[in-house]
Amino acid sequence: MQEHEARCYQDREPRQRHEDEPAQAIDEEARSDPAGKAKPGRALDPVAERAEDDPREAGPQEPERQGPRVADVSEAFDPVAVAPGQASRVDSVDGTFLAQETPAPSPTRPSAHPRRNELRPKLTAKQQALLALLSIVMVVSIFNFNVKSFTQFRSGQEASSSIGDPQRFCDRVGAVLSCRSWLTNDVVGALADVLTQSGKARDAAYSQPAAQVAAQLDKRIADKDLDPRTYIRLGALYNLMADVNRSSLPKAETVLEALIQLAPKWPESYDALGETYLLEGRKDEALGLLRKAVEINPDNGVALWMYAFPLIWTHHEQEGRGELEAAIRHYDYHNPNDLKRLVKTFYQFKDLPRAIQFEEELVQFEPADAAHRYTLAILYKASGNRLKALEEMQIAAQLDPRYGAAIGDFQREGPQ
């Protein structure tokens with residue numbers, strides 16, 4: 001600060017001497033004219049002298065400068081005379097020092113001064129503990145809603161893709177159910193669909209994962225879940241599990257009867273319970289429920305499919321075949337179990353072209369199965385196409401040598 005004031009005073013001395021010269025000349029003129037007849041500054045500025053005698057002689061007047069003006073240079077330059085929040089500057093026209101406002105430092109802006117930082121309030125031990133607790137809660141929340149959910153979703157995908165391997169599927173299902181998140185219900189529903197659509201729930205090797213998935217669905221219903229899809233998934237899963245354990249049928253009946261109370265206008269509830277009644281041997285009650293489902297929605301492929309076969313089994317073949325043809329147009333039968341049922345049914349109708357059509361689809365679905373190739377050879381032979389029959393029999397013998405003995409019979413008969 002002292003160095004700054006010294007430089008300011010050093011800069012002021014030459015300017016002060018220059019500004020004092022006209023004043024010294026005026027003082028000398030005043031001493032030479034004690035009566036005061038001669039006006040100060042008249043000899044120095046003749047034009048100004050004529051303008052005082054006659055105002056018309058004066059030229060255009062310079063407009064008065066705006067803003068604060070300081071007469072005393074030393075007062076304007078004195079840093080002590082400048083108020084806080086102001087800074088002095090030199091006027092570019094006449095060298096007058098003016099004071100201008102400068103923005104005051106913000107009270108909220110952090111200061112680089114070390115003592116200012118020392119005055120900041122510090123957190124108490126209680127506040128630090130609360131902040132640490134909030135941080136832990138935030139991390140746990142992020143884990144539950146993001147990382148944990150993503151992990152469970154990936155495990156569910158891996159389980160669905162491993163449906164062909166019972167042991168791996170069982171392990172994956174256990175990993176999915178051990179990781180609880182907001183995606184648990186969706187992942188469990190997807191696993192139930194995989195078990196029912198693939199028909200693996202009928203296999204004893206999948207009894208454990210099927211029971212685990214069924215227990216999760218049953219828990220959702222006990223927790224007052226009103227989603228009809230939960231009921232229909234559990235009922236369909238119990239119906240398939242009945243092939244291994246017949247005690248699943250009463251459970252399926254209870255769930256599906258509750259579904260009819262929950263969704264009385266939903267046709268899937270009637271055809272699912274109708275399937276349960278068919279498995280229990282209650283054909284008349286099953287036909288009534290299936291007919292009700294078709295009446296609610298005539299385009300319901302599942303109801304038409306379930307309704308057609310009991311009619312055929314009860315010797316209402318003509319009516320049942322009509323319902324079956326309608327079901328084929330609306331029902332997704334592209335799985336081994338339904339294709340086998342179609343082949344058997346149309347062979348029973350002695351409709352060999354349709355039976356061959358569905359058997360060829362079954363071979364495309366499982367081309368490495370020797371039994372499918374042998375069945376297709378028998379159908380070709382029954383239809384009179386021995387060349388195709390021999391070709392399919394040779395493929396069956398390559399896949400399974402046990403079918404090699406039947407090739408000789410085909411060759412001895414020869415093509416027709």
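Key figures for this structure:
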read-out	value
Qualifying residue in the stretch 391-408 (condition: more than 30 Å from Arg321 (Cα to Cα) and basic (Lys, Arg))	yes
Unique match (being under 23 Å from the mean Cα position of the chain (by Cα), part of a helix (DSSP H, G or I), surrounded by 21 or more Cβ atoms within 10 Å (Cβ to Cβ) and among the β-branched types (Val, Ile, Thr)) among Val188, Val173, Val213	Val188
Matching residues, the stretch 299-322, being at negative phi and without any contact (Cβ under 8 Å) to a residue 24 or more places away in the chain	Ala308, His316, Gln318, Glu319, Gly320, Gly322
Any pair with Cβ under 9 angstrom, 6 or more apart, that starts in the stretch 207-225 at a residue that is over 16 Å from Val194 (Cβ atoms) and ends at one that is in a helix (DSSP H, G or I) and among the hydroxyl-bearing types (Ser, Thr, Tyr)	Arg220/Thr230; Ile221/Thr230; Ile221/Tyr231; Asp225/Tyr231
Matching residues, the stretch 364-385, being surrounded by fewer than 18 Cβ atoms within 10 Å (Cβ to Cβ) and not small (Gly, Ala, Ser)	Gln364, Phe365, Glu366, Pro367, Asp369, Ile378
The stretch 257-270, residues that are closer than 17 Å to Val294 by Cα and either among the basic types (Lys, Arg) or in contact with a Leu (Cβ under 7 Å, 6 or more places away or on another chain) (or both)	Ile260, Lys265, Ser269, Tyr270
Tally of residues being in contact with a Phe, Trp or Tyr (Cβ under 6 Å, 6 or more places away or on another chain), more than 14 Å from Glu366 (Cα to Cα) and in contact (Cβ under 8 Å) with a residue 24 or more places away in the chain across the stretch 387-396	1
Residue in the stretch 325-334 that is modelled with pLDDT of 90 or more, loosely packed, with under 14 Cβ neighbours inside 10 Å and not β-branched (Val, Ile, Thr) present	yes
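The values are calculated or read from the model by the stated rules, or taken from the named source; none is laboratory data. As the structure is a prediction and not an experimental result, all values here were calculated from the model. Cβ atoms come from the backbone with ideal geometry, glycine included; neighbour counts cover every protein chain shown.
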